[in-house]
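Asks: Got a structure here, written out as structure tokens. Questions coming.
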Amino acid sequence: MLSRKSVISASSGFWMKSFGHLVVLSSLSFLASGYSERDRVHDLMSRFPLIDGHNDLALQLRILHNNRLSQVDLYNFSKVSTDITRLQAGHVQAQMFAVYVMCGAQEKDAVRLTLEQIDVVRRMCTEYQDFELVTSAQGIMKEGLNLMRHKIACLISVEGGHSIDSSMPALRMFYQLGVRSMSLTHTCNTPWAESSSKRYNVYQRQNNSLTPFGKAVVEEMNRMGMIVDLSHTSWDTASAALKHSKAPVIFSHSSSFSLCSHGRNVPDWLLLDLKNKSGLIMVNMHSNFVSCSDKANVSHVADHFDHIKKVIGAESIGIGGDFEGAVNFPQGLEDVSKYPALIQELLRRNWTENELADVLRNNFLRVFEEVERVRDQLTSTRPSEVQISLEEVQNPCRLVLRPPSPRGSSHQNPSSGDQHEPKVLLILTIVLMLSSLLMIE
């Protein structure tokens, strides 16, 4: 007579064999139908094409061709990892193009250089028929519905608050030119916000990671409907901006600090604050940020998605590749055409199609629409007239407007006459005294 344990064991064995047969039959049916994993990814990304949060193509145009678009074929740009053909192959339907100028320009010509980078992005996105410059969530969705046209929506983002030279009017003019996102810092502190990087020893301060002027910048961005980007900021600045912003914020190209302890990545406690603010982290693909070394693979990147999903859920995740802004990228993710490989890996890890649709585009659209909703609520708020003090800026290139000295020549600095006047009076006094002595004699 069979024991109870033997019966249960036999029953378990039967069901395990049956399940195994089911898996085999399922696999055979996929093969028979010709519907592969790759086909599934293609179908998913055709229905939910990617919105990528960060690409530095404009920087490479500056470096390689000094922004001369006439020298470049953006359908086949082999020197870099991004061109129109590969964006289309990667199912990228909207791309946030970064406008970046180096931190060395902060106290010099950062505003001029930023304008030139905005110009090259605007030209690129209007001169090429497969690009479309957009400035709203609706604009992205409109192009998304026009998939047969294969249009790639272009968004402009300023990378680094040093680009505005601590000027609210400059920030507003960038918005008028189409900028819809700005990171508060890059690799240098500004007079009003702190960077995650220690590369530049400028504007150092203690316990003041987002100054009153910095908070006013966040408020003005909220008022206009410009997305606040916290990639590159210090954790303290990011935390302060999260608390102060009325609208959701993003990390446009950052990864998980728990998996790679690089200062550019985001710790779990800050991820939780981001979730509470309904914000978004768009995972960076740069090898040094995903594996903390020059070498990585698709699995390393997928690990970051898994970890962040575990901490704050798939509804808070997007993709911000950082192509053209870094050198080393994972094997299998060498350029913008390879995004399907990442989605295929996440499907293998049992991410649902609904979760991936959110990661690919829906989460970013939700954040952008909420930023615009907050803007609409603030329509009665007047433009900010907050000005930063000269003591905070400490910029020798800033002109202080004052009436010229009556004795100064037209080409002199307005204050130079004042500086020389005491010396002139002293010389005149000495001359008069000597004259008096000679007359006495």
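The values are calculated or read from the model by the stated rules, or taken from the named source; none is laboratory data. If you're wondering where the values come from, they're calculated on a predicted model, not measured in any experiment. Methodologically, a virtual Cβ is constructed for each residue, glycine included, from the backbone with ideal geometry; neighbour enumeration extends over all protein chains shown. Just so you know, the surface numbers come from the protein's heavy atoms only, side chains and all, with ligands and any DNA or RNA stripped out. Shrake-Rupley method; radii C 1.70, N 1.55, O 1.52, S 1.80 Å.
Asks: Rounded to the nearest 20 debye, what is the charge dipole size of region 226-336 about its Cα centre when +1 sits on each Lys and Arg Cβ and -1 on each Asp and Glu Cβ?
Replies: Here region 226-336 has a charge dipole of around 440 debye.
Asks: Would you be so kind as to identify which of Ser81, Val92, Ser163 lies farthest towards the positive end of the dipole of region 65-192, taking Lys and Arg as +1 and Asp and Glu as -1 on Cβ and the Cα centre as origin?
Replies: The one lying farthest along the dipole's positive direction is Val92.
Asks: Turning to a different aspect of this structure: Please give the charge dipole size of region 348-393, origin at the Cα centre, charges +1 on K and R Cβ atoms and -1 on D and E Cβ atoms. Round to the nearest 20 debye.
Replies: Using Cβ point charges on Lys, Arg, Asp and Glu, region 348-393 gives about 300 debye.
Asks: Moving to a separate point now. With a/c under 1.5 counting as rounded, go ahead and sort region 76-150 into rounded, prolate or oblate using the C-alpha gyration tensor (a ≥ b ≥ c being the square roots of the eigenvalues; past the cut-off, prolate if a/b is larger than b/c, else oblate). Intermediate results must be reported in sequence, preceding the final value.
Replies: Values: a/c = 2.65, a/b = 1.73, b/c = 1.53.
Taking the square roots of the gyration eigenvalues as a ≥ b ≥ c, region 76-150 is prolate.
Asks: With a 1.4 Å probe and every protein chain kept in, tell me what percent of the accessible surface of region 185-300 is carbon plus sulfur.
Replies: 47 percent
Asks: Using a/c under 1.5 as the rounded threshold, could you call region 191-267 rounded, prolate or oblate? The axes a ≥ b ≥ c are square roots of the C-alpha gyration tensor eigenvalues, and prolate needs a/b larger than b/c, oblate otherwise.
Replies: Taking the square roots of the gyration eigenvalues as a ≥ b ≥ c, region 191-267 is oblate.
Asks: A further question follows. So, with a 1.4 angstrom probe, what is the percent of accessible area on region 44-83 that is carbon and sulfur? Each step should come with its number before you reach the end.
Replies: Details: 750 of 1590 Å².
The nonpolar share, carbon plus sulfur, comes to 47 percent.
Asks: Computed on alpha carbon atoms, what radius of gyration and Dmax characterise region 298-367, expressed in Å?
Replies: Expressed in Å, the Cα Rg and Dmax of region 298-367 come to 12.0, 32.
Asks: Using the Cα centre of region 296-351 as the reference point, and only Cβ charges (+1 on K/R, -1 on D/E), how large is the resulting charge dipole? Debye, rounded to the nearest 20.
Replies: For region 296-351, the charge dipole is close to 280 debye.
Asks: Taking only protein heavy atoms and a 1.4 Å probe, what accessible area per residue, in Å², does region 234-289 have with all protein chains in place?
Replies: Value for region 234-289: 31 Å² per residue.
Asks: Mind ordering 221-232, 324-335, 377-388, 343-354 by average Cβ neighbours within 10 Å, highest first?
Replies: Values: 221-232: 25.0, 324-335: 17.8, 377-388: 12.2, 343-354: 16.1.
Highest-to-lowest ranking by the protection proxy: 221-232, 324-335, 343-354, 377-388.
Asks: In µm²/s, what is D for region 232-272 at 25 °C and 0.890 mPa s, where D = kT/(6 pi eta Rh) by Stokes-Einstein and Rh is the Kirkwood radius from Cα pairs?
Replies: 231 µm²/s
Asks: Tell me the Kirkwood hydrodynamic radius of region 118-266 in angstroms, computed as one over the mean inverse distance between distinct C-alpha pairs.
Replies: 16.3 Å
Asks: Continuing with the same structure: Just name one of His304, Ala341, Val367: the one whose Cα is farthest towards the positive end of the charge dipole of region 259-373 (beta-carbon charges, Lys/Arg +1, Asp/Glu -1).
Replies: His304
Asks: Can you give the three extents of the C-alpha atoms in region 181-324 along their principal axes, from longest to shortest, in whole Å?
Replies: In descending order, the Cα extents are 42, 33, 27 Å.
Asks: Considering the options Ser258, Gly225, Gly214, tell which one lies farthest towards the positive end of the dipole of region 196-263, charges being +1 on Lys and Arg and -1 on Asp and Glu at the Cβ, about the Cα centre.
Replies: Gly214
Asks: Could you list log10 I(q)/I(0) for region 272-316 at q = 0.13, 0.16 Å⁻¹, which the Debye formula gives when each Cα is one point scatterer?
Replies: -0.31, -0.45
Asks: Highest mean first, how do 125-135, 109-119, 237-247 rank when packing is the count of other Cβ atoms within 10 Å averaged over residues?
Replies: Going by the mean number of other Cβ atoms within 10 Å, highest first, we get 237-247, 109-119, 125-135.
Asks: Quick one: which of 289-296, 70-77, 365-372 comes out on top by average Cβ neighbours within 10 Å, and what's the full order, highest first?
Replies: Going by the mean number of other Cβ atoms within 10 Å, highest first, we get 365-372, 289-296, 70-77.
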